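The values are calculated or read from the model by the stated rules, or taken from the named source; none is laboratory data. This one's a predicted model, so the numbers in the text were calculated from it and none came from an experiment. Reconstructed Cβ throughout: ideal geometry from the backbone, glycine too, with neighbour counts over all protein chains shown.
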Ligand SMILES: [Mn+2]
């Protein structure tokens, strides 16, 4: 008996372009065999007008009805790689069952993460072992499990501050601002003093701006050279 392998990673940043370029072979990875790249397959159909993995991710985010702004630190896509041991995958391929394996894998992804969230999937045949790269957009329509857990645990995330707490916070904030103001005033006084000293050290003649030296027009220079040469 062999193993099925599942690798799940969140993509960092606001787009996953580099990863898409590798998956779609716009950038050829060193370990890929270009003579077999034509065997790679797109396993999830894109909506009309959507071309490729990047657009599919963006399209899902734009059409999922998200009402709140997505912050820069929120995960936009989860990378899922499905494969198996080399022996098993070769065995599946030799028996002509790779299509079946792909179908099963896509069905599992859709059943697990929701059909609309599985926005892209590519079968790679040009590396050592056949595998699928899937892109899952992690949108949750209900409450997040973590938020729900916090509520049941009794620690509400946004508790209203009591007036005494607010008074303490505001007092501290004011004190900080006063200190910052004082420091800035001191800095300003120092800078002004320095400016005065430097100004006093400048000799009076050099303070006058020199008139700019006029360069002859370029064409005139060229004519001059031609005349000299001929
Ligand atoms: Mn790959």
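Miscellaneous remarks
- Helices (runs of 4 or more DSSP H) fully within segment 122-230 that include at least 2 residues being modelled with pLDDT of 70 or more: 163-201.
- Check on residue 118, buried (at least 18 other Cβ atoms within 10 Å of the Cβ) and either more than 16 Å from the ligand (Cβ to nearest atom) or without any contact (Cβ under 8 Å) to a residue 40 or more places away in the chain (or both): yes
- For segment 58-77, the set of residues classified as more than 15 Å from residue 10 (Cβ to Cβ) and surrounded by 12 or more Cβ atoms within 10 Å (Cβ to Cβ) consists of 58, 59, 60, 64, 66, listed by residue number.
- Where a residue in segment 65-87 is over 17 Å from residue 112 (Cα atoms) and its partner, wherever it lies, is part of a loop (DSSP other than H, G, I, E, B) and within 16 Å of the ligand (Cβ to nearest atom), with Cβ under 9 Å and at least six apart: 75/11; 76/11; 76/16; 84/129; 84/130; 85/129; 86/128; 86/129
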